[in-house]
Amino acid sequence: MSRMTHPTAARAVTAEHPVAIAGRLVVRYGLVVVIAWIGALKYSSYEATIIQPLIHNSPLMSWLYHIFSVRGLADVLGTFEIIAALLIALWPLWPRASALGSAMAVLLFLATLSFLFTTPGVTVASDGGFPVLSGVPGQFLLKDLVLIGASLWTLGDSLGAAQRKTSSTG
């Protein structure tokens, strides 16, 4: 017995819901805004001072203060973040560049998530002994779990788009 598929049914299965399309755009370009904004803030003395204890206590990043001043390292990180954001935004025109920006964002958020384990004061003991995240830096850093997820999604989406673009040009 052969199975027949109605063309309308096939389209219905593959059609993306408009809410999903909107969500995809908000995730991608919301990530761009967040990374660019955070990167731009790194050029301020205030932000350089705020991130100094996080980096100072990190075995992965503290060595950078032997090369850069507190302000200089903040500038370097801010530049890296702004470049990552701009590259992610290039997805419609240049998916490979967007994939690079997304990979950069994954590295950024891996680094900031590592601060959860290296920065003193991230957790506070509650009455039951279960560690509760402090407001700052704990809850402040935890948001990066969602941001790394968005970065991984944009990375995969960009790699898929680049592959499709390569296949179609042949």
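The values are calculated or read from the model by the stated rules, or taken from the named source; none is laboratory data. Since this is a predicted model, take the numbers as computed values, not measurements. Please note: Cβ atoms are built from the backbone with ideal geometry, for glycine as well, and neighbour counts cover all protein chains shown.
Could you grab me the full set of residues in region 62-74 that are surrounded by fewer than 17 Cβ atoms within 10 Å (Cβ to Cβ) and assigned to a helix (DSSP H, G or I)?
Hits for region 62-74 are S62, W63, L64, Y65, H66, V70, R71, G72.
Look through region 108-137, keep the residues that are assigned to a helix (DSSP H, G or I) and exposed (fewer than 14 other Cβ atoms within 10 Å of the Cβ), and return whichever of them is modelled with the highest pLDDT.
L110
Need the failing condition index for W91 against (1) touching a residue at least 60 places away in the same chain (Cβ under 8 Å); (2) part of a helix (DSSP H, G or I); (3) closer than 22 Å to I35 by Cα; (4) not hydroxyl-bearing (S, T, Y), just the number.
(2)
Under 9 Å between Cβ atoms, at least 6 apart or on separate chains: pull out the pairs that start in region 138-155 with a residue that is assigned to a helix (DSSP H, G or I) and end on any residue that is basic (K, R).
A150/R28; W153/R24; W153/R28; T154/R28
Among the residues of region 138-170, write down those that are among the polar types (S, T, N, Q) and either in contact with an Asp or Glu (Cβ under 9 Å, 6 or more places away or on another chain) or at pLDDT 85 or above (or both).
S151, T154, S158, Q163
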